[in-house]
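> What follows is a structure written as structure tokens; I'll ask about it next.
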Amino acid sequence: MSEGKVAKKFALYPPKDLVSRLGLKEGQRVRYEIEDGKLVVEPLPDPIEVALRSKKWMKVTAREIESESEKEQSELYA
């Protein structure tokens, strides 16, 4: 078990070994919850990494995206 203290503006600085064990990166988003009177910190996945690692089920070219965008814009603003 590790200990720390609450810093100015209620900042919490977990020990480096806990951060490493969770695989946290600087700037990474986390979720806070209170369970049975304890603060629980859960790392949130990076949406870009999730998208890059997930199974791809469709291929779309930049030209197709641009064409669809132009079509939608002409319908909205015509």
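> Where nothing but the Cβ of Lys and Arg (+1) and of Asp and Glu (-1) is charged, how large is the charge dipole of the chain around its Cα centre, in debye to the nearest 20?
Charge dipole, the chain, about its Cα centre: 460 debye, nearest 20.
> Lysine pairs, Cα distance under 26 Å, 8 or more residues apart or cross-chain: how many in region 24-78?
4
> Per residue of the chain, what 222 nm ellipticity follows from adding -39500 (n - 2.57) for every DSSP H run with n ≥ 4, rounded to the nearest 500?
Rounded to the nearest 500, it is -11500 deg cm²/dmol.
> Contact order normalised by length for the chain, with contacts defined as Cα pairs under 8 Å and 6 or more residues apart; what percent is it?
In percent, rounded to a whole number, it is 14.
> Taking Rh as the Kirkwood radius, which is the inverse of the mean 1/r over Cα pairs, what is the Rg/Rh value for region 8-77?
1.25
> Separate question: Can you tell which of S67, S54, S20 shows the greatest fluctuation in a Gaussian network model of the chain with Cα springs below 10 Å?
S67
> Sticking with this structure for a sec: Which one, V6, S67, A51, is farthest towards the positive end of the dipole of the chain when Lys and Arg carry +1 and Asp and Glu -1 on their Cβ?
Comparing the listed Cα positions along the dipole, V6 ranks first.
> Another one. Please check: in the Gaussian network model of the chain (C-alpha springs, under 10 Å), which one of D36, D17, D46 has the largest mean-square fluctuation.
Most flexible of the set in this elastic network: D36.
> Any chance you could give the angle, 0 to 90 degrees and rounded to 10, that helix 62-77 forms with the longest Cα principal axis of the chain?
Once rounded, the angle reads 80 degrees.
> Follow-up. Lys and Arg at +1, Asp and Glu at -1: add these up for the other residues within a Cβ distance under 14 Å of L76 and post the number.
Counting the neighbours of L76, the net charge comes to -3.
> Further, regarding this structure: What number do you get for region 29-70 when its Cα radius of gyration is normalised by 2.2 N^0.38 Å, N = residues?
2.03
> Could you check the spin-label model distance between E26 and V60? Points 7 Å from the Cα along Cα→Cβ, value in nm.
The answer from the label model is 3.5 nm.
> Please identify the longest segment of the chain free of exposed GluC sites (Glu not before Pro), where exposed means a DSSP state other than H, G, I, E or B and no more than 14 other Cβ atoms within 10 Å.
Excluding the exposed sites themselves, the longest stretch runs over 27-78.
> I've got another one for you. Please return the longest stretch of the chain lacking exposed loop sites, where trypsin sites (Lys or Arg not before Pro) count only if DSSP places them in a loop and at most 12 other Cβ atoms lie within 10 Å.
30-54
Computed from the coordinates by the stated procedures, all read-outs in this text should not be read as laboratory data. Quick caveat, the model's predicted, so the values are computed rather than measured. For neighbour counting, all protein chains shown are included, and Cβ atoms are generated from backbone atoms with ideal geometry for every residue, glycine included.
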